[in-house]
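The values are calculated or read from the model by the stated rules, or taken from the named source; none is laboratory data. Quantities reported herein were computed from a predicted structural model and do not represent experimental measurements. So basically every Cβ, Gly included, is an ideal-geometry build from the backbone, and we count neighbours across all protein chains shown.
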Amino acid sequence: MAVSSLPIGRDQFNIAVICALGSESNAVEGIFDEVWPRPTGLGKSNNDPNTYTLGRIGYWNVVLAYLPHKGKVSSASTSAMLLASFPQIELVIVVGVCGGVPHPQSHRDDEIILGDVIISTEVVQFDFGRLHEGGFEQKRTVADSLGRAPSELRTFIKYLSGYIGRNRLREDTGAYLMELLEKPGFHSSRYPGVEADRLFPVNYRHVHRAAGTCGGVCSEAEGRVCETAIGASCRELGCDEGKLLRRPRLRRLLEADDPKLGLCEGIISPDLRILFGPIASGDQVIRSATHRDRIAESHGVIAFEMEGAGVWDNRSTVVIKSVSDYADSHKDKDWQPYSAAVAAACMKAFLKQFADVDPNAKLEPPRRQTFEIEAASSKAHLTRLLALFAIFLLPMSSMLLVWAGRWETPETPPLEPVNRGLDTTRPIFGILGKTGVGKSSFIDLLGGRNRSGYPPEVCHGLESCMTVYLLLGFAL
Ligand SMILES: [Zn+2]
Ligand SMILES: [Zn+2]
């Protein structure tokens, strides 16, 4: 396990997670290994209106951003500000719930059931196209849509979708999910059960059936539905359970005398599956089995969601969402807490393996090292030390030294350069010594202007400060 320590700068965050719904961000908050206390002192960029939770998941410092609304406009503006405040973000993960395509053409052997996880191999913006007099013409090719993930992410996802990667991912997801759902506050997010997974035929609509209930607005034959019916549950409308489709995967679960059922004790699904495929992303909420299947067929997508398209252009993005409905007229919110928990657990499992392929981006920030040269107790000691140091650095100093700053005590994190927007991704050399032992002279030796007076400024260029602790940034 990684050593936990509060990051000293926003550039130490490499992973961002974006959630739209409260149940989604709640599950992600629950899955953090550590949450950094507020205020962190790390701040955010000017004019950044986002709210963040910062913490650690496994090896990674993770920033969680909350969307003000569902949809791609919201996710696009939130992710743009997030990337301004956290410039070293390598991967944005959109985590939460989605609508699943129960019988996707592209996955003939797979039947998708509620609680399955979908990991995006690409995001298709299905409501992107041209509106003609004659109707809406969708752009159909991959090039016309948002396209595929960058190649490094693609190869990683290819590995994950293979035999070894997928097995590890499923095992870890199950373990993290059990852990999460046993925490206080997550009992109501547990698996709703096989019987609660209901799928009606495509042409069986969610409408008022009793004549005259809504003045004849609802009509199954003509495909009309009133506002009240949209917000009502299947039970309230009397949708006929006798029409429910028989689902082989669910039936196997009901009939199987599976020891795993006992192990999970009904807390998580005994048949946790993770599928990889294209996800449709758009601003329209799909509440129609006919539209769902038409879009799924023409674009090869296996799920529907609303935020991935807004983030996709900005940075490497992956959508990890768990199916909470079938994007049909019967859809409700009953499965959202469980599905949000599954997605958060799978995101954690994803990051565990992602750490293996990018060791430079673990909790230690990329390309940054802080050296404490030595605590100099006497002037003579420091002079010797600095002379040695200068032999190597003097010839290059005017080119390499990009800033100098103070750090009052060794215990205080060197936040000054970070807060002032200086580049702290470069190596930093620290010289520890009492006032008057010669730190300023060393700066003079390197060709800088000595500056007396207190408090000193962190400054661009070569300038020394009368300080207890001095930081020098070199453009190595
Ligand atoms: Zn009605
Ligand atoms: Zn219904």
_Could you tell me how many of the residues in region 304-328 are of a type in the set (Ser, Thr, Tyr), touching an Asp or Glu at 6+ places or on another chain (Cβ under 8 Å) and farther than 24 Å from residue 193 by Cβ?_
1
*Would you be able to say whether some residue in region 262-270 is over 28 Å from residue 57 (Cα atoms) and either of a type in the set (A, V, I, L, M) or over 30 Å from the mean Cα position of the chain (by Cα) (or both)?*
yes
*Condition broken by residue 236, with the remaining ones in (1) under 15 Å from residue 331 (Cα atoms); (2) more than 10 Å from ligand 1 (Cβ to nearest atom); (3) assigned to a loop (DSSP other than H, G, I, E, B) satisfied*: (3)
*Boolean, residue 92 is among the β-branched types (Val, Ile, Thr) and either closer than 22 Å to residue 31 by Cα or in contact with a strand residue (DSSP E or B) (Cβ under 8 Å, 6 or more places away or on another chain) (or both)*: yes
*In region 175-206, how many residues are of a type in the set (A, V, I, L, M, F, W, C) and out of contact with any Leu (no Cβ under 7 Å at 6 or more places or on another chain)?*
7
*Among the residues of region 45-55, is there at least one that is among the acidic types (Asp, Glu), at pLDDT 95 or above and either assigned by TED's automatic domain parsing to the domain that holds residue 353 or over 16 Å from the mean Cα position of the chain (by Cα) (or both)?*
no
*Within the set of pairs 6+ apart or on separate chains, which have a first residue in region 186-198 that is over 18 Å from residue 102 (Cβ atoms), a second that is among the polar types (S, T, N, Q), and C-beta atoms under 6 Å apart?*
191/269
*Can you confirm whether region 212-224 contains a residue that is away from ligand 1 (no atom under 16 Å from the Cβ) and of a type in the set (Gly, Ala, Ser)?*
no
*Of the residues 229, 221, which single one is within 16 Å of ligand 2 (Cβ to nearest atom) and either more than 29 Å from residue 344 (Cβ to Cβ) or in contact with a Pro (Cβ under 6 Å, 6 or more places away or on another chain) (or both)?*
229
*Which of the residues spanning region 177-207 are among the basic types (Lys, Arg) and either more than 14 Å from ligand 2 (Cβ to nearest atom) or loosely packed, with under 11 Cβ neighbours inside 10 Å (or both)?*
183, 190
*Answer with yes or no whether residue 198 is under 18 Å from residue 333 (Cα atoms), more than 16 Å from ligand 1 (Cβ to nearest atom), outside the structural domain of residue 99 (by TED's automatic domain parsing) and among the basic types (Lys, Arg).*
yes
*Does residue 225 fit the bill of being in contact with an Asp or Glu (Cβ under 9 Å, 6 or more places away or on another chain) and surrounded by 12 or more Cβ atoms within 10 Å (Cβ to Cβ)?*
no
*Looking at 64, 91, which one is out of contact with any helix residue (DSSP H, G or I) (no Cβ under 6 Å at 6 or more places or on another chain) and modelled with pLDDT of 90 or more?*
91
*Enumerate the strands (runs of 3 or more DSSP E) found wholly within region 8-110, keeping only those where 2 or more residues are without any contact (Cβ under 8 Å) to a residue 40 or more places away in the chain, touching a Leu at 6+ places or on another chain (Cβ under 6 Å) and surrounded by fewer than 21 Cβ atoms within 10 Å (Cβ to Cβ).*
none
